[in-house]
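The values are calculated or read from the model by the stated rules, or taken from the named source; none is laboratory data. All values reported here derive from a predicted model rather than from experimental measurement. Heads up, the Cβs are rebuilt from the backbone with ideal geometry, glycines too, and the neighbour counts pull from every protein chain shown. Heavy atoms of the whole protein, side chains included, go into the accessibility calculation; ligands, DNA and RNA do not. Shrake-Rupley method; radii C 1.70, N 1.55, O 1.52, S 1.80 Å.
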Amino acid sequence: MKQHIAIDGPAGAGKSTVARGVAKKLGYLYLDTGALYRALTLHFLRKGLDPGIPNLENVLSEVNISLESSGDGTKVVLNGEDVTVLIRSPEVDRMVSRVAESKGVRDFLRGIQRTLALSKPSVVEGRDIGTVILPEADLKIFLTAKPEVRAYRRWLELRARGNTVDYKRVLKNILERDMIDSSRQHAPLKKADDAVLIDTSFLTIEEVIHKIYTLAVGEGNGRCGD
Ligand code: CDP
């Protein structure tokens, strides 16, 4: 049985839903590392700060972010305030990849992620989990899907939350974030050599969860229906 499962991939590939589903099925801790970057981004937005500022340490020293399991999801707490809903806004979507480019930010969040991930058997999702945060993970998955499919999923998600954003703007944001995330200097989004690639464009969530679960428990070859 695999103890630490890393799931990386671009926005809208289905990471969060799939990672949560796999964690639930295995009884493992689910860790959404993007939520940490999002919470920090909300802090920057509120303070009107640019992620490129020179004295970043001073800003980071006044930030306390924690993730708490709540029901099926994760409650995100920023300096004592529940920001779970606020970190999913289009404003945060627009700025988060710029904050995540900063080496200072990544170093700051690395320790938090490793401590949480190694505290229990876990399913950890993000962009650099298999490559940088948990290179020792015993199962690595790289989830992807066609950009149009990813944008459509994100658009549905935003609409369900009451955000009436234009589909084309969502696609543009996804493509921009893909570009920044994949080309940044520090810990870019890329498939680890030993990761299993899964294209979710034409798979249901249940099929993807089943595939990863099967790989985690070491049964069959991960083909749906095994
Ligand atoms: O949910 P979605 O895939 O859109 O994004 P997320 O997982 O919430 O992550 C938001 C952003 O944080 C990403 O676009 C990355 O810029 C950054 N991120 C990162 O750099 N490294 C991670 N491990 C997780 C997120």
- Message: As an exercise, find the ratio Rg/Rh for the chain from alpha-carbon atoms, using the Kirkwood inverse-distance average for Rh.
- Response: 0.94
- Message: Quick check for me: using +1 on Lys/Arg Cβ and -1 on Asp/Glu Cβ, what's the dipole size of the chain about its Cα centre, in debye to the nearest 20?
- Response: 400
- Helix-derived [θ] at 222 nm for the chain: sum -39500 (n - 2.57) over DSSP H runs of at least 4, divide by residue count, nearest 500? -14500 deg cm²/dmol
- Task: Keeping the other protein chains in place, figure out the carbon and sulfur percent of the accessible area of the chain, with a 1.4 Å probe.
- Result: 52
- Item | Per-pair calculated FRET efficiency, R0 = 41 Å: residue 94 and residue 3 via Cβ, rounded to 0.05 | 0.70
- Item | Inter-label distance, nm, simple model (7 Å from Cα along the C-beta direction), residue 66/residue 185 | 3.5
- Item | Radius 10 Å from Cβ of residue 45, net charge of other residues (Lys, Arg +1; Asp, Glu -1) | +2
- Note on the structure: One can check that the equivalent ellipsoid of region 48-92, built from the alpha-carbon gyration tensor with semi-axes equal to the square roots of five times its eigenvalues, has lengths in Å, largest first, of 24, 14, 7
- Item | Extension gain, residue 156 back to residue 24 (0.36 nm per residue minus Cα-Cα distance, nm) | 45.2 nm
- Excluding residues fewer than 8 positions from residue 75 in its own chain, the lysines with Cα under 26 Å of it are 2, 15, 24, 25, 47, 103, 120, 140
- Please identify the longest segment of the chain free of exposed trypsin sites (Lys or Arg not before Pro), where exposed means a DSSP state other than H, G, I, E or B and no more than 13 other Cβ atoms within 10 Å. 1-160
- Nearest-20 debye value, region 101-226 charge dipole, Cβ charges on Lys, Arg, Asp, Glu: 580
- Round to the nearest 10 and give me the degree value, 0 to 90, for the angle of helix 15-26's Cα axis relative to the longest principal axis of the chain. 50
- Item | On Cα atoms only, tilt of 147-160 relative to the major axis of the chain in degrees | 70
- Calculate one ³J(HN,Hα) per residue across region 49-61 by plugging θ = phi - 60° into the Karplus curve 6.51 cos²θ - 1.76 cosθ + 1.60, and present them in order as whole Hz with x for glycine and proline. 9, 8, x, x, 4, x, 8, 4, 4, 4, 5, 5, 5
- Note on the structure: Given GluC sites (Glu not before Pro), DSSP loops and at most 16 other Cβ atoms within 10 Å, the longest exposed-site-free stretch of the chain is 137-218
- Message: I need the chymotrypsin sites (Phe, Trp or Tyr not before Pro) found in region 120-226, filtered to DSSP loop residues with at most 13 other beta carbons within 10 Å of theirs.
- Response: 202
- Item | Average accessible surface area per residue within region 4-217, 1.4 Å rolling probe, Å² | 46
- Message: For the chain, take the longest principal axis of its alpha carbons; what is the angle in degrees between that and the long axis of helix 103-118, to the nearest 10 within 0 to 90?
- Response: 40
